[in-house]
Structures are given as structure tokens and as C-alpha cells.
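Here the structure comes first, spelled out in C-alpha cells, and everything after it is commentary.
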Amino acid sequence: MGNPPGVDDIRGTAANALAATRPSAGRRQLLRLWLPYLCLVPAVIASCGVLLYPTLRMFQYSFLNWSFGKSYETAEWDGLANYQWLLTSQSSTLFHSLRLTLLYAGTSIVCELVLGLAIAVLLNRRHVFGRQVVLTGFMIPTLLMPVMVGMMWRMYMYPNGMLSYFLGLVGININWYTATWAMPAVILIEIWQFTPFFIISLFAGLRAISAEILEAAAIDGASGWYRFWHISMPYLRPIIVVTSMIRVLWILKSFDIVYTMFTGGPGSATEILGISIYRALFLSRNIGRSAALSVILAALTLLVTFVFVRFAYRSREVMESATP
Amino acid sequence: MNEQRHQAGNRRKWRRGLDTLAGSLVVWIIFLLFLAPYLYLIVWSFKHPGDIQAYPPRFFSPFTLLNYKQVFEDVNISFYLRNSTIVATATTLLSVLLAIPAAYSFARFRFWGQDWLAYLLIAIMVAPLIALVYPFLVMANQLGLNDSHLGLILFYLPWNVPFAVWMLRTFISDVPQELEESAQADGCTRLGAFGRITVPLLLPGFFTTGIFIFIGAWNEFVIAFFLTSTKARTLPTTIDFFLTYGSFQFAPMFAAGVVGTLPIAVCALLVRRYYLAGTTAGALKG
């Protein structure tokens, strides 16, 4: 493909020269045709093989009226009743969960983006002491075990915890364990954990902008602010979109932190979709409803991923060139 | 004249130095603010339970290993550490091994349906874990894999194998195909060329992919929580002990938190060059 013609020529001659020592032409042809697919077999078995059956089961369960703990024989075919209940019933928390997820994703991503951009710009100044140390240190929060992060903040956010003490010093007294403040608490933790992700990817983006362009603009008399908005920002836009979409995916599927912090409570103040699935299964003991929620979550995740992949494919070169 | 210019230059140098200092200071203050909660966890884990729960916080108090002693002796955290290590290591090795041929295929061949298969891999990778917990529970019971290392490893594969394919594909593409071809021209088989030429060049790729899978499996909570009870319990699920044992226990929690997260913080240092590539692809993982 991209090879200079010389290489192809050499390959051709070499192949001819070796043809005598290789299996017959027909078998080789067949192998060449099927080799790419044969290579995929182990990976496909390991992933589809394990996942296919449970996924089909999940679909099937979503049409059943079946209580957790009862035998499979007691399950009855219920048609679309579970979905209907989720979409119409007064006590269904589906739309509440979706609203929470939207609030959760919207607020945390906007805060993370603004903070991340500001810090990335600061980091991108000409001389910063220990820049590599700072960048590596910023990677730590994003990789920590989510349940431990939840547990850690749970301890800090208790009325006699560390965070409450420091907030008290500046005159802010918040009881995080109330319906009003539980969701902001989750968002705060999220901002703490994932702003660094934005910092690192945006910093990488800023690094990749060629210094010559910025210098040329400076010589032409463009102000720092103008250079940022009209040269750096257009370049960062794809990175911002990809990073934000990754965060949307993460938040859609999040469970661990909310579970350890509040387990969905107080009441249903933090009942995001993942928690809904858990509660429908282990508290309401309704397998069908839980499975229907799972199908909805899976569909949403797939939808976002599809949009993401479409976009990421287009801007992949930007992302790859931005990797430090 | 010359003296004046010299002075102006000096002043500019001074101003630039001050600017650098101020900028670095701001960056470092923000950085330390971000790390503070984690550093607090580490520092506080070495305090006596009384000092930990003191309000207002006691910043200077005697050093003790009491919490670690409690975590290792009463809660027997080393058992869960062992389980976590077994499961995470096996998941890592298996995922990478199973992914190599597919990654090679994606990187080196053009074949019909390639893009769609790549999409399929991503679609598998994003399947939300929490959505599949109950079917997994049923499946584990049917196969007799409930509460076993094997069950956990098996259920971690569908997410990690596509991830490994995705990562390794890029690493393999980065090795020039001409190197393999010239080895083949010298009489190597395709496999031999891959093994002798490409694999040694891929070691950093294997390492990076492996570390990311290890971190993911080490941190995984949902499946481990619902599919294990006693024998195969991994570290993240021990959180539950501290939550439900009578009153909520602060002191051992600090120590357990450090034990559970420090290996990962070290991993962060090992993969920093590939952090973005790994987290971007890893983000898709359920």
C-alpha cells in the first residue's frame, strides 16, 4: 500500500524464490484468505463467548415477571409490562435517574472542563518547575480504586471529617448526608477525581500546537487572549469533545462511588441508573424490572458509544498526535 | 547608553524569573490541593484511632502501625490481597495472550468486514457491568463458578480482551511491516517473523496494556461484589466489612484504603507515557 515500489518488487521476487519450499499455491491462497479471520477466533470466543449468553438472558428476563429468590419455574411471560411500568408508573424512578444522570454529567463535565483548561494553560507556560512531576501526580486520582475513593470521601464528608473541618474554617457548614447535598457531594468527588484527566489531555493538546504559529501571531500583534481563542481553541475542540464524551460514558455506567457513598440515598436522591438496577434487583426483588432497566442502560451506552466512535474516528489523528 | 541597555535587560530577566516563580507556585498549590485528600489518607493511616477521629483534626500526633496491624491480623486483608493479585494477574496474562492474534490481524491485514468487527469489539467493551450482574450470577451458578477465582477471571475477559486488542493493534502498527517482510524473505515463516522481529519490539506495548488491565481488574468492584462471598473475595469488596460491622470503623479503613490504592499509584508512575492512550481506550470498558 504505502510502500515505495522497490519494496514490493523485492517482496515479489523473494516470494517467487521461496514458492518451491512453501505449501501448494491453492492451500496458500486459502490460508491467506482465512488467516485474518482465524486470528480473530481466540479473542472473539473470549469476549462474545462469555458475553453472548448473559446478554441474551438479560433480554429475556426483561420480559418476565419473576421475583428474586424464587425458582425460574415461577417466572411468567409478561410481554412489555416491565417497560410499560418503567415508562408510565408513578413510582418508577427511570426518569428521575435519567434526570440525575444528566445533571451529574452536565455539571461535573462543565466544571472539569473549565478547571482542566485553566490548569492546563497554567502548566503550558514556558517555565514551570517540576512540570513532569505535576503531570504524573495528576494521573494518580484518576486511576485509584473507585470504591476506595468513595470510602475516603465518605470519611472526609462526615460532620466531623476533614472536609467539613476545612469548610468550617471558611464558614461553610454543609451536611452532605441530606437529600439536597448528596448529589453535589457525588459531583464534587467526581470533579476531584477526573479534572486531572482533562488537565492531562488538554495539556497534551496545547503542547501539540506548533510554537511557530503562536509566535507568528504574536509578531503580527495578536493579543494573548486572541491567540488562545482563535488559534489554540479550534485545535483543542476535538480533544474537548472526545474527552467529554468519554466522561459521559463513564458517568452513565458509574456505580461504585455512589454505592459506597450513599447507596442511592438518602431516599432516592442519588439513585442514578446503575443504582436503580441494583435496587430493583436486591430491594424490590424484581428481576424483570431490573433487566428492563439494564436493557435501557445498555442501549443508552451503545448509543453514546456509537456517536463517540463516529467522532473519535474522525479526530483520532488529533488524539494520537496529542499523546505525550 | 550601554549601561542603560544592560540594566533594562537585567530588569526583564528579573521580571521573567518572578513570572516563572509565581506561575510555578500557583501550579504547585493547585496540584497539592488535588493530591491533599490522598496524602491525607496516607498520613492519617499512621495515626492512633483516637487521633484519627479527633475533631478538629490532629495534624501532629505520634506515629503508629496499629491500623495496619489490625487490618492484617483482624480483617486478614492479606487473604484478599492474595485473591486480588491472583485474579488481576491471571486476567492480565490471559487477556493479552488471547488478544495478540486478533491485534495482529487488525494491524497487518485488510479484510472484508474489518471495520464492523472493530465496532463489534467496542460494542462488547462498553457493555455496562452492572447491567449484566444477574445473568452472570445465574450463569456462575449453573457452571459452578460462583465464588471462585476462575469465575471472576472468566467474567473479566469480555471487557479486557477487546481492550487489549485495541491497545496492541496500535503498538503492532507502529512496528514497520517491512521488518517482518524482510525476515520472511530471509526464510522465516510469518509466525517466526512475528515472534523474532515484532514481539521483542512490542515488549513496552505488552507491558503498558498489561498494567492497564491489571489496574482495571484490581479496582473492579461490581462483579467481584456480587459473585464472590468468602473464598474468592477480592480487595475492593472488603469495603463492606467496614461499612456493616456494627458501627462504621474509621481507623482500619484508612489503612485498608492505603493498602488497596498504593499499588495502583505506583502503576501510574510506570505507565505515564501511555496514560492518555490507555485511559481513552479504557474509558470505554464497562
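Which values, in whole Å and largest first, are the semi-axes of the equivalent ellipsoid of the protein assembly as shown obtained as the square root of 5 times each eigenvalue of the Cα gyration tensor?
For the protein assembly as shown, the ellipsoid semi-axes come out as 40, 38, 24 Å.
When the Karplus curve 6.51 cos²θ - 1.76 cosθ + 1.60 is applied with θ = phi - 60°, which whole-Hz ³J(HN,Hα) does each residue of region A:154-171 get, with x for Gly and Pro?
Values, residue by residue: 4, 5, 5, 8, 4, x, 10, x, 5, 5, 4, 5, 5, 5, x, 4, 9, x Hz.
Return the residues of region B:76-117 for which accessible area with all protein chains present is lower than in the chain on its own by 40 Å² or more; set the probe to 1.4 Å and exclude ligands, DNA and RNA.
Buried by 40 Å² or more upon assembly, which counts only protein chains, are B:98, B:101, B:109, B:111.
List the longest stretch of chain A that has no exposed loop site; here a site is one of the chymotrypsin sites (Phe, Trp or Tyr not before Pro) assigned by DSSP to anything other than H, G, I, E or B, with at most 16 other Cβ within 10 Å.
Excluding the exposed sites themselves, the longest stretch runs over A:130-324.
According to a simple spin-label model (label point 7 Å from Cα along Cα-to-Cβ), what is the distance in nm between residue B:97 and residue B:229?
3.1
Using the heavy atoms of the protein chains and a 1.4 angstrom probe, tell me the accessible area per residue for region B:18-102 in square angstrom.
Accessible area per residue: 51 Å².
If R0 is 41 Å, what FRET efficiency do you get for residue A:126 and residue B:74 from their C-beta distance, rounded to 0.05?
0.15
Hey, what does the equivalent ellipsoid look like for region B:129-171, semi-axes from the Cα gyration tensor as sqrt of 5 times each eigenvalue, largest first, whole Å?
After scaling each eigenvalue by five and taking roots: 25, 11, 6 Å.
Measuring from centroid to centroid over Cα atoms, what is the spacing of region B:116-190 and region A:192-257 in Å?
Taking the Cα centre of region A:192-257 as reference, the centre of region B:116-190 is 31 Å away.
Once you sort the root eigenvalues of the Cα gyration tensor of chain A as a ≥ b ≥ c, which label holds: rounded (a/c under 1.5), prolate (a/b larger than b/c) or oblate (the other case)?
oblate
Specify which residue in the list A:164, A:116, A:240 is farthest towards the positive end of the charge dipole of region A:102-252, using unit charges on the beta carbon of Lys, Arg (+1) and Asp, Glu (-1), about the Cα centre.
Selected residue: A:164.
Take the Cα of residue A:118, step 7 Å along the line toward its Cβ, and report every residue of region A:183-201 whose backbone nitrogen sits under 14 Å from that point.
A:192, A:195-196, A:199
Distances over 35 Å make up what percent of all Cα-Cα pairs in chain B?
Counting every Cα pair in chain B, those more than 35 Å apart make up 40 percent.
Roll a 1.4 Å probe over the protein chains and send me the accessible area per residue for region A:115-233 in Å².
42
What is the pair-distance distribution P(r) of region B:7-122, computed from all Cα-Cα distances in 5 Å bins starting at 0, with each bin given as a whole percent?
Result returned by the calculation: 2, 8, 8, 8, 8, 8, 8, 9, 10, 10, 9, 7, 4, 1, 0.
Between residue A:220 and residue A:91, what is the spin-label point distance in nm, taking each point 7 Å from the Cα along the Cα→C-beta axis?
My value for the distance between the label points is 6.6 nm.
Hey, which lysines would be in cross-link range of residue A:253, C-alpha to C-alpha under 29 Å, not counting anything within fewer than 8 residues on its own chain?
A:70, B:231, B:285
Starting from the Cα of residue A:110, step 7 Å along the direction of its Cβ; do the same at residue B:116; then give the gap between the two resulting points in nm.
A separation of 4.2 nm, rounded to one decimal place.
Output the DSSP H helices from chain B with an along-axis C-alpha extent of no less than 24 Å and a mean Kyte-Doolittle hydropathy no less than -1.0.
B:2-44, B:77-108, B:149-174, B:199-219, B:251-270
Any chance you could run the full-extension gain for residue A:175 through residue A:98? It's 0.36 nm times the residue separation minus the Cα-Cα distance, nm to one decimal.
Result: 25.2 nm gained on full extension.
How much accessible area is lost when chains A and B come together, counting both sides, with a 1.4 Å probe, in Å² rounded to the nearest 100?
9000
Heavy atoms only, probe 1.4 Å: what % of the accessible area of region A:73-172 goes to carbon and sulfur, would you let me know?
Heavy-atom surface of region A:73-172 belonging to carbon and sulfur, 1.4 Å probe: 67 percent.
At q = 0.09, 0.10, 0.12, 0.22 Å⁻¹, what base-10 log of I(q)/I(0) does the Debye formula yield for region B:98-243 when every alpha carbon is treated as an equal point scatterer in vacuo?
Normalising to I(0) and taking log10 leaves -0.39, -0.47, -0.63, -1.29.
Among the lysines, which fall within straight-line cross-link reach of residue B:47, defined as a Cα-Cα distance under 22 Å, with same-chain neighbours fewer than 8 residues apart omitted?
B:69
The values are calculated or read from the model by the stated rules, or taken from the named source; none is laboratory data. Since the model is a prediction, treat every value here as computed from it, not as a measurement. Every residue, glycine as well, gets a Cβ built from its backbone with ideal geometry; the counts of neighbours run over all protein chains shown. We work out accessible area using only protein heavy atoms, side chains counted, and drop any ligands, DNA or RNA first. Shrake-Rupley method; radii C 1.70, N 1.55, O 1.52, S 1.80 Å.
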